[in-house]
Amino acid sequence: MDRDEIIRLLGTTDADEVRALLKAADEERRRSVGDEVHLRGIIEFSNHCGRNCLYCGLRRGNETLRRYRIPDEEILELAARVRDAGIATAVLQAGEDPAHTTEYICGLVSRIKAATGLTITLSIGERPYEDYRAFQAAGAERYLLKHETASPELYRRLHPDSDQRNRIQCLHWLKGLGYETGAGTMVGLPGQTLATLADDILLMRELDIDM
């Protein structure tokens, strides 16, 4: 589909067309991933963040939030609980915490991997290319980094201290390194249109996003 057709279908209210879209989506879901449901154990190990994204409760400007960092041993205990529950993947998720050095994340990933054998997904934001490569060498196999919106204007408004070009570059790096890569958009943003949602879909297609 091209952009114009995606925009038209996103806006359709025709009942037959909606049913046809749902049917096509379900067929594609079955073809791509089958009928299994895969559970993930998400460990939110820090809510400190150096960013000031306007929509996010973790933003550094939120002075009412009680901040925490889970101690390493407790993270390892949680990962063991994920494994013992029969869940194959642990997602280590946090704000862009300035205390999370490359060495710290690599050590945490390698310890969890050695202790549990879990598949490790990271969701810790934008990092330099060398960090992504080091995390992978330590045992991380998947990475979640939502692009949030393909619109430069919307992105600028939401992220006063970030650069959309860097975020998309990070997604290219992750794909190039061979990570199973997740992205995604937010629906319902002020100023968002069907055209910007179509651009989100096209961007994820261009990046060949896995999740």
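The values are calculated or read from the model by the stated rules, or taken from the named source; none is laboratory data. Quantities reported herein were computed from a predicted structural model and do not represent experimental measurements. No Cβ is skipped: glycine too gets one built from the backbone with ideal geometry, and neighbour counts run over all protein chains shown. Side chains are part of the model used for accessible areas, which takes the heavy atoms of the whole protein and leaves out ligands, DNA and RNA. Shrake-Rupley method; radii C 1.70, N 1.55, O 1.52, S 1.80 Å.
Structure summary
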item	result
Residues (within 14 Å of the chain's Cα centre (by Cα) and either at pLDDT below 95 or open to solvent by less than 20 Å² (accessible area, probe 1.4 Å) (or both)) located in segment 156-184	Cys170, Leu171, Leu174, Tyr179, Thr181, Gly182, Ala183, Gly184
Filter result for the condition that a residue is touching a Phe, Trp or Tyr at 6+ places or on another chain (Cβ under 9 Å) and open to solvent by less than 30 Å² (accessible area, probe 1.4 Å), over Ile120, Ile112	Ile120
Filtered residue count, segment 196-209, keeping only those that are exposed (fewer than 14 other Cβ atoms within 10 Å of the Cβ) and either in contact (Cβ under 8 Å) with a residue 24 or more places away in the chain or touching a helix residue (DSSP H, G or I) at 6+ places or on another chain (Cβ under 7 Å) (or both)	1
Test for Arg19: is it at pLDDT below 95, closer than 29 Å to Leu189 by Cβ and of a type outside the set (A, V, I, L, M, F, W, C)	no
Qualifying positions in segment 84-109 - part of a helix (DSSP H, G or I) and buried (at least 20 other Cβ atoms within 10 Å of the Cβ)	Ile105, Leu108, Val109
Segment 1-52, residues that are part of a loop (DSSP other than H, G, I, E, B), surrounded by 10 or more Cβ atoms within 10 Å (Cβ to Cβ), more than 23 Å from the chain's Cα centre (by Cα) and among the charged types (D, E, K, R)	Asp14
